[in-house]
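A short write-up of the structure that comes next.
Just so it is clear, none of the values below were taken in a lab; they were calculated from the coordinates. All values derive from a computational prediction rather than experimental measurement. Reconstructed Cβ throughout: ideal geometry from the backbone, glycine too, with neighbour counts over all protein chains shown.
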């Protein structure tokens, strides 16, 4: 059924998402960009003018960006700064989390898509059930599971498999476990939406032609679900880059990600311009995978002749 709206009504419907993006993304980003060039000095307010009325020139403090990449005197290479290390660590954790979510979420999404139609709503409800609980509580619960006296160590020691607790909390393991647990539904849902529309008669045709189940899966199912893989990967990767809560609760001092660094610069050091510059650079890092995502989804949506 096609909805035919009059021209003014059509313009109104199209303008709503653009107004939303301008008000809730573009304007806050411009404010963030403005603050990133401010020289606060010893003032408390970061909203200082960057226009010099006497000279008619802009007073932009590029050092807020330069200090992100410039190491201190005697610190070694130019790009060996705590900020670059936090960026690299954030990208590494986000990439590892996205890969783990894909490895775990793809079989689960495939299972839901192949399940009887009467069972799928219950299975999808199980995927979305964690969203009914506070995000903070879900992450904090893992502290009790992974702690030295937590559930896992107690079970392993009770079974006699270990004699002393294993250090799992405040490690790379706890970070990846927490982030994978939290963001797994964001991988499962787009994959399921893609796989459920797949014509599984194509697999039957591949079997009839003598293809093994694994080869048919690799050559038929995976290419047809490419759009779902890319969408799920981006939905997991992008928020993971700026994650703050999970590193704060489950990560140790060596697991500091860029979200925590931005928080410390803004609320501990009260250096809003540098924190804004860090956030602007982080947005730039996120725009690149977004551009890749839209490139591939655009190619997939383009009609074939």
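Would you kindly calculate the translational diffusion coefficient of region 164-232, applying Stokes-Einstein with the Kirkwood radius from alpha carbon pairs, for 20 °C and a viscosity of 1.002 mPa s, and quote it in µm² s⁻¹ without decimals?
On the way: Rh = 14.5 Å.
Diffusion coefficient, whole number: 148 µm²/s.
Just to be sure I understand the model, the point goes 7 Å from the Cα along the line to the Cβ. What's the resulting residue 149 to residue 52 distance in nm?
For residue 149 paired with residue 52, the spin-label model returns 6.2 nm.
On the Cα set of region 223-264, report Rg and Dmax in Å, please.
Rg then Dmax for region 223-264, in Å: 13.9, 44.
Viscosity 1.002 mPa s, temperature 20 °C: what is the translational diffusion coefficient of region 135-290 from Stokes-Einstein with a Kirkwood Rh over Cα pairs, rounded to a whole number of µm²/s?
Values: Rh = 18.9 Å.
Calculated translational D: 113 µm²/s.
What is the Cα radius of gyration of the chain over 2.2 N^0.38 Å, N being its residue count? Intermediate values should be presented prior to the final figure.
Details: Rg = 24.4 Å, N = 305, 2.2 N^0.38 = 19.3 Å.
The chain yields a ratio of 1.26.
Return the single residue from 216, 279, 147 with maximal mean-square fluctuation; model: Gaussian network over the chain, springs between Cα atoms under 10 Å.
216
P(r) tail for region 26-166, what percent of Cα pairs lie past 24 Å?
Working: 6684 of 9870 pairs.
The answer is 68 percent, as a whole percent.
Please report the Cα spread of region 95-184 along all three principal axes, rounded to whole Å, starting with the longest.
Answer, in whole Å and largest first: 48, 27, 25 Å.
Counting each DSSP H run of 4 or more residues in the chain as -39500 (n - 2.57), what helix-only mean residue ellipticity at 222 nm follows after dividing by all residues, to the nearest 500 deg cm²/dmol? Walk me through the intermediate numbers first.
Values: 14 runs with 188 residues, N = 305.
Helices in the chain give a 222 nm mean residue ellipticity of -19500 deg cm²/dmol.
Once label points are set 7 Å from the Cα along Cα→Cβ at both residue 27 and residue 132, what is their separation, rounded to one decimal in nm?
3.7
Of 106, 87, 294, which has the largest mean-square fluctuation in a 10 Å C-alpha GNM of the chain?
Residue with maximal mean-square fluctuation among 106, 87, 294: 294.
Would you please give the FRET efficiency between residue 288 and residue 62, computed as 1/(1 + (r/R0)^6) with r the Cβ-Cβ distance and R0 = 22 Å, to the nearest 0.05? Could the numbers behind the result be given before it?
Working: r = 22 Å, r/R0 = 1.00.
According to the calculation, E is roughly 0.50.
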